[in-house]
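Read through the structure below, which is laid out as structure tokens, and then see the notes.
The values are calculated or read from the model by the stated rules, or taken from the named source; none is laboratory data. Being a predicted model, the structure only gives us computed values, none of them experimental. So basically every Cβ, Gly included, is an ideal-geometry build from the backbone, and we count neighbours across all protein chains shown.
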2 protein chains.
Amino acid sequence: MSVLQAINPNVRNMKPLEYSILARQASRINEELRQGVKKPYQEVLDVYSGDPHKGGVKPLSYVRQVLAACLYPQLVNSSKLPVDVKQTAQRLLGGCDGGSVGSYTATMGIPEIVHKVSEFITRRDAGVPSYPENICISPGSQWSLSNILHILLNAESSPRNGVLSPVPCHNTTPMSVTGLGAVVIPYYLSEEQGWELQVGELHRALESAKGVCKPVALYIINPGNPTGHVQSRKSMQEVIRFVSEKKLFLLADEVYQEYVFGEKSEFVSYKRVLSEMGPPFSDTVELASFHSVSKGLPGECGLRCGYVELVNMDPTVMKYIFTRFSIDTCTPVLGQIALDLMVDPPQPGDPSYPLYHMEKQNISNTLIDNAKRAVEVVNSLPGLCCQPLEGGTFAFPRVYLPPSFIQKAKEVGLEPDTFYCSRLLEEAGLLISPGFEYGQKEGTYHIRFCIMTSAETLEEVLRRLTCFHTQFMKDFS
Amino acid sequence: MSVLQAINPNVRNMKPLEYSILARQASRINEELRQGVKKPYQEVLDVYSGDPHKGGVKPLSYVRQVLAACLYPQLVNSSKLPVDVKQTAQRLLGGCDGGSVGSYTATMGIPEIVHKVSEFITRRDAGVPSYPENICISPGSQWSLSNILHILLNAESSPRNGVLSPVPCHNTTPMSVTGLGAVVIPYYLSEEQGWELQVGELHRALESAKGVCKPVALYIINPGNPTGHVQSRKSMQEVIRFVSEKKLFLLADEVYQEYVFGEKSEFVSYKRVLSEMGPPFSDTVELASFHSVSKGLPGECGLRCGYVELVNMDPTVMKYIFTRFSIDTCTPVLGQIALDLMVDPPQPGDPSYPLYHMEKQNISNTLIDNAKRAVEVVNSLPGLCCQPLEGGTFAFPRVYLPPSFIQKAKEVGLEPDTFYCSRLLEEAGLLISPGFEYGQKEGTYHIRFCIMTSAETLEEVLRRLTCFHTQFMKDFS
């Protein structure tokens, strides 16, 4: 027996990332550039993933100073660090066993930080109470999502369990569902209505699952990735009525909650809407809400930390969650510390406040400007069309590919939008992702790129896209 | 439907950690102490887990300096850091996208660090080649172990898949196996022979699985946790012949490889033994070998990083491993950097070498002294008996509990050794773990405590244990 024969069929069913095709191509190009091969660009520009620091956004000084002081406490004696940085580092080290960030922590996170998270949520939700015992800190939101799915989904159920999941959707959640032996039930977001979620479509999707699987959960991303749509309160109320009626667990991926910039948009959490709707909804609908340090203001993707808050969860189930989570021991301690700093930032009057505030405003203003600029430039190009961006950190325009190009893509054995991205990468040195990765209505094609970058990076992205696309349309029209 | 009814039965079968009982008790005691309740100790001493920094071992200065400099590069300009720290930090940041430890990395790890790991393995194994494409960096060794089990084990197989797993064994691996719907097939280590692994017992265990499950893998921990045993080359050769004959995948947990101190013991990797045995073994036996930053010299458990090397794995399977691993995006970047420093430490002549060398020698000498001292003191106490310690970071003595005490434990509904640990915690303020957590032959009882602590911590552990146990034997004899 070789492993190849024995491999878990659920893992075999997981759709591998297209990324590897384009990533290998990017590596090859970078290698050619190093060897002096002449190309119309100096290096590959990579806005494939939502990675602010890679895109030229500067880390928050306060976060980095506190983390460095926690790692090497001798620094605390250096006069160069602001006094509140020193105090915060000392407080945080007080919560670490042996005063070291190198010690394990409680499985669900350092208790003081869990408390801070619950206070943050209560403030965010205008007083709707949040309880520390319902919060689990985790190494990123996708980690907790896939572990909660592991608890929720029964690999041996017949018919299989199903999870309603949006199309388009970033790829890791559907991969987790498939890998656990359950079925992804796609519901389509409405592109023409700015990628709105329509409850009629949820009903259609649920109906389509009959005879195929037993739906147990609904997964929602708000603000949307890759869509950039922000749900209205009314739409959220409709969703809550739907999951209540259909007895579905609600998985609310709210990691982009800090990035809402549409003129009429505001972020409201599912927990708050649920609470405001009152009984029977507020005390029966089971909800998990996710947030993270990667997608929050610090943009510290490399530290790997997030949290999940569970609502209306039976305390007995929390025991299983604890058991499942305990296999990985604990969340990286420096990530937990960054989470503390995210939910409890410097306040007016603190020595670090002026610099922190300025850096925060810069990030926020740049994102607003980038979103406007991206939509404007993309929509000025023939054959590209981007819905208004209201939140999140991505643009996801539709690309109308000429039939002759689609034919050519088939000949080389690539999805048409993957082929488009591959040509864009080769000719303009720009690495973005194809809509195929996220799912899309048949016969439509899209591209996704990160707009959470410095203004200079975004300009260069748009310049390369414009150059390539203009020539592309000439070549294929 | 509430989740309680729908919960995955495999997760329901996972044995929850006893830790929570003792941890809650310790929290309660600490709270009482804070409130001024008088006890024969000032605070709870916790040597439950293998957590060097918690036990008073100082972090390696070089590791912390480089990490701090990577986090806050302005530090690199400070004259207080040695020049090689600055150079190393700059080199490592060069491998991070956007020059930031806050960016995502490749799923399998930063390529330069993966290369370093393969060079380290080649040196360790006296030239047996290691290839970067077979190495995956992961957030801790248990994370990669449970993800590889997810690929290997088929939750829908009938009969179920089985994994041969030692008794005693630290608890996370059996939990992972159960949570994935497979069966743990226990094989007993021979306490009287210093916790030796005997191949006859592997045959017996395999035989016992007939009609119950289909064995697919053998899990081994060498050096042992909790046993402290180090396998001989001869024993490893026998194991390799066994897995080859029985067509089992070999999971070699070798995270304690840097801690071998028995007079006649030496660490030899399974990969090296496999290579030295030549064909057919060397090119057919499928092997995964695990190591980590937590259990290696840095003892940086809180950073969450390890790696797995796969041997004789079909390249097609590597694709599935990549897909499965990619759900969690990447390993914490600061953990990856600590891994780089672990496999490529300062060399003679480097400015940081003298301090690094001294700290390393201190850690190593303290562990050797602690191991001797722990065995000596434990074996001087009536009713306690510890096998010689040859490696690892734990002592796992047998405790002969009086029948009247066992009766009393039954009355309070606790396992006898859990009850012993609970009394020890209450009366002497010492938190250690019961043998029940790790599995043990019926009718035998054990305790486990970490010896990877400062000399002062270990003395205090032994003092509290001696005081309590002496009184305990008086009370119950």
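Yes/no matrix, rows are residues, columns are (1) under 22 Å from A:Ala106 (Cβ atoms); (2) of a type in the set (Gly, Ala, Ser):
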{"residue": "A:Asp125", "(1), (2)": "no, no"}
{"residue": "A:Ser130", "(1), (2)": "yes, yes"}
{"residue": "A:Asn147", "(1), (2)": "yes, no"}
{"residue": "A:Pro159", "(1), (2)": "no, no"}
{"residue": "A:Leu164", "(1), (2)": "no, no"}
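Is there a residue in region B:364-381 that is farther than 17 Å from B:Trp195 by Cα, without any contact (Cβ under 8 Å) to a residue 24 or more places away in the chain, hydrophobic (A, V, I, L, M, F, W, C) and surrounded by fewer than 16 Cβ atoms within 10 Å (Cβ to Cβ)? Among the residues of region B:364-381, not one is farther than 17 Å from B:Trp195 by Cα, without any contact (Cβ under 8 Å) to a residue 24 or more places away in the chain, hydrophobic (A, V, I, L, M, F, W, C) and surrounded by fewer than 16 Cβ atoms within 10 Å (Cβ to Cβ), which makes the answer no.
I'd like to check something: does region B:111-127 contain any residue that is more than 23 Å from B:Cys305 (Cα to Cα), over 22 Å from the mean Cα position of the chain (by Cα) and at pLDDT 95 or above? Looking for residues that are more than 23 Å from B:Cys305 (Cα to Cα), over 22 Å from the mean Cα position of the chain (by Cα) and at pLDDT 95 or above, one finds at least one in region B:111-127, hence yes.
Residues in region A:346-376 that are in a helix (DSSP H, G or I) and among the charged types (D, E, K, R): A:Glu359, A:Lys360, A:Asp369, A:Lys372, A:Arg373, A:Glu376. Of the residues A:Gln440, A:Gln407, the single one that is farther than 19 Å from A:Cys467 by Cβ, polar (S, T, N, Q) and touching a residue at least 60 places away in the same chain (Cβ under 8 Å) is A:Gln440. Tell me which residues, restricted to region A:12-50, are modelled with pLDDT of 95 or more, of a type in the set (Asp, Glu) and surrounded by 19 or more Cβ atoms within 10 Å (Cβ to Cβ). Within region A:12-50, A:Asp46 is the sole residue that qualifies.
Out of A:Gly127, A:Gly200, A:Gly98, one residue alone is in a helix (DSSP H, G or I) and within 21 Å of A:Val273 (Cα to Cα). It is A:Gly200. Does A:Gly181 fit the bill of being modelled with pLDDT of 95 or more and either at positive phi or surrounded by fewer than 19 Cβ atoms within 10 Å (Cβ to Cβ) (or both)? So A:Gly181 does not fit the description; no. In the set A:Val378, A:Val461, A:Val399, only one residue is in the same structural domain as A:Pro40 (by TED's automatic domain parsing), farther than 30 Å from A:Gly296 by Cβ and aliphatic (A, V, I, L, M); that residue is A:Val399. Of the residues making up region A:319-334, those that are touching a strand residue (DSSP E or B) at 6+ places or on another chain (Cβ under 9 Å) and at pLDDT 85 or above are A:Ile321, A:Phe322, A:Phe325, A:Cys330, A:Thr331.
If you go through region B:326-344, how many residues are outside any loop (DSSP other than H, G, I, E, B) and not acidic (Asp, Glu)? Total satisfying the criteria: 11.
Scanning region A:382-404 for residues that are free of Cβ contacts under 8 Å to residues at least 24 places away in the same chain and over 20 Å from the mean Cα position of the chain (by Cα) returns A:Cys385, A:Pro403.
For region B:59-77: of the residues being modelled with pLDDT of 95 or more and of a type in the set (Val, Ile, Thr), which is nearest to B:Arg448 (Cα to Cα)? Among them, the one singled out is B:Val63. Looking at A:Ser144, is it surrounded by 20 or more Cβ atoms within 10 Å (Cβ to Cβ) and either farther than 21 Å from A:Gly228 by Cβ or among the hydrophobic types (A, V, I, L, M, F, W, C) (or both)? In short, yes.
Among the residues of region B:283-296, is there at least one that is touching a Ser or Thr at 6+ places or on another chain (Cβ under 7 Å), modelled with pLDDT of 95 or more, within 14 Å of chain A (Cβ to nearest Cβ) and surrounded by fewer than 17 Cβ atoms within 10 Å (Cβ to Cβ)? Scanning region B:283-296 turns up at least one residue that is touching a Ser or Thr at 6+ places or on another chain (Cβ under 7 Å), modelled with pLDDT of 95 or more, within 14 Å of chain A (Cβ to nearest Cβ) and surrounded by fewer than 17 Cβ atoms within 10 Å (Cβ to Cβ).
When the residues of region A:147-177 are narrowed to those that are β-branched (Val, Ile, Thr) and crowded, with 24+ Cβ neighbours inside 10 Å, which ends up farthest from the other protein chains (Cβ to nearest Cβ)?
A:Val163
Can you go through B:Lys295, B:Lys271 and tell me which one is in contact (Cβ under 8 Å) with a residue 12 or more places away in the chain, touching a strand residue (DSSP E or B) at 6+ places or on another chain (Cβ under 9 Å), part of a helix (DSSP H, G or I) and not aliphatic (A, V, I, L, M)? It is B:Lys271.
Out of B:Val76, B:Val66, report the one residue that is more than 7 Å from every other protein chain (Cβ to nearest Cβ), over 17 Å from B:Val343 (Cβ atoms), in a helix (DSSP H, G or I) and touching a helix residue (DSSP H, G or I) at 6+ places or on another chain (Cβ under 7 Å). The conditions single out B:Val76. Scanning region B:115-141 for residues that are touching a residue at least 24 places away in the same chain (Cβ under 8 Å) and within 14 Å of another protein chain (Cβ to nearest Cβ) yields a total of 7.
Per-residue answers, yes or no, for (1) modelled with pLDDT of 95 or more; (2) closer than 18 Å to B:Leu60 by Cβ; (3) touching a His at 6+ places or on another chain (Cβ under 7 Å):
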{"position": "A:His53", "(1), (2), (3)": "yes, no, no"}
{"position": "A:Val57", "(1), (2), (3)": "yes, no, no"}
{"position": "A:Ser79", "(1), (2), (3)": "no, no, no"}
{"position": "A:Ala89", "(1), (2), (3)": "yes, no, no"}
{"position": "A:Cys96", "(1), (2), (3)": "yes, yes, no"}
{"position": "A:Tyr104", "(1), (2), (3)": "yes, yes, no"}
{"position": "A:Met108", "(1), (2), (3)": "no, no, no"}
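Residue by residue, here is whether (1) within 27 Å of A:Glu286 (Cα to Cα); (2) away from chain B (no Cβ under 14 Å); (3) polar (S, T, N, Q) holds:
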residue	(1), (2), (3)
A:Tyr307	yes, yes, no
A:Met313	yes, no, no
A:Ile321	yes, no, no
A:Arg324	yes, no, no
A:Gly349	no, yes, no
A:Tyr356	no, yes, no
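Look at region B:457-477: where a residue is part of a loop (DSSP other than H, G, I, E, B), no partner that is among the basic types (Lys, Arg) sits 6+ places away or on another chain with Cβ atoms under 9 Å. In this entry, A:Ser269 is excluded by the filter for residues that are farther than 25 Å from A:Glu442 by Cα and either in the same structural domain as A:Ala374 (by TED's automatic domain parsing) or more than 24 Å from the chain's Cα centre (by Cα) (or both).
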